[in-house]
């Protein structure tokens, strides 16, 4: 959980600083919040001019006034309607000054994110890009374990991709002969092609590649190359999931997630946790850890049945105040992972 909290805190620091002045807030702005409008107007996290220009635009349209009044009222303050229509020069200066200051400090939160990634062994060239709306040649790498090279242009100055970045340690896993990228919560990524490279392998011949416990075919992977001397396997993946290299001709058990015993959970702020029981097949591997996620949130406790036909996951209620449908993902270290879209509805 610490990895998630570290990166989440980094991005929340950015959003909290920018809009609430509270760097200790632990909730991202909603997807339709003007924070993301402002972020999308910037070329990259250092684009202070683009940030300020968007603030000016929001002021001129009256949206900044409305936003500020709504947030203050949500915080329990009494704010007269007259402030909604106050477009005087004095109000403009006082209103925009704080947001301008936040524009100048926005890159600090991204630097925290970068440092946190590197702390856990993940590196990327995203930080060297001048235009985060048109990122080409992007890679993520874990030294000595593996690398993912994206083959399409990506726009990282958006809500979905920023959420992806702050949850990267939970979504991207490199292990010995195993690479997994869970894109269920970032639909824009799911069918993006990428070149996956695994390091440090010791197969005598080109290994078989399994995707989620099933032998991959041409619809899953292509352009497979293996250097036995260097122990490096590279291939193009047509979609994101979990890929594992195994000795050619060996068998792997199939992972399957068939459903949950409950389809919906009612949010209750007075409760600290709630349970989700998932049913499936092959959800256990002796001597390895099993991770359960609902959306981006990792379960605090996971119990797996002896035969691997069910998993009970305990989640913190406080992480699910936003209602809607969430995908459920079961990950088994070194084996694979399987997801089910819209598995649980929080209502």
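What follows draws every value from the coordinates through simple rules; no lab data is involved. Treat the numbers as computed from the prediction; the structure is a model and nothing was measured. Every residue, glycine as well, gets a Cβ built from its backbone with ideal geometry; the counts of neighbours run over all protein chains shown.
Key figures for this structure:
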quantity	calculated
Share of pairwise Cα separations in the range 216-284, more than 17 Å, in percent	66
The chain: most fluctuating residue of 327, 45, 80 per GNM, C-alpha cutoff 10 Å	80
Projected label distance in nm at residue 97 and residue 143, using a 7 Å step from Cα toward the beta-carbon	4.6
In nm, spacing of pseudo-spin labels at residue 104 and residue 202 (7 Å Cα→C-beta vector)	5.7
Förster radius 35 Å - calculated FRET efficiency between residue 277 and residue 251 (Cβ-Cβ, nearest 0.05)	0.80
Label zone at residue 239, where the point sits 7 Å out along the Cα-to-Cβ direction: the range 197-211 residues whose backbone N lies under 18 Å	209-211
Overall dimensions of the range 122-246 as given by Cα atoms, namely Rg and Dmax in Å	14.3, 44
Most mobile of 37, 118, 74 in a GNM of the chain (Cα contacts under 10 Å)	74
Fluctuation leader among 252, 322, 162 - the chain, Gaussian network, Cα springs under 10 angstrom	322
Reference-scaled alpha-carbon Rg (2.2 N^0.38 Å with N residues) for the chain	1.11
P(r) of the range 110-161 over all Cα-Cα pairs, binned every 10 Å from zero, in whole percent	24, 53, 23, 0
Computed FRET value (nearest 0.05) for residue 333 with residue 232, which takes r as the C-beta separation and R₀ as 25 Å	0.70
FRET E, pair residue 345, residue 32, Förster distance 22 Å, beta-carbon r, rounded to 0.05	0.65
Fraction of beta bridges assigned by DSSP in the range 256-346 that are antiparallel (%, nearest 5)	95
Convex hull volume per residue for the range 176-314, taking Cα atoms only, in Å³	131
With Cα atoms, 0 to 90° folded angle of helix 2-19 axis to the chain main axis	20
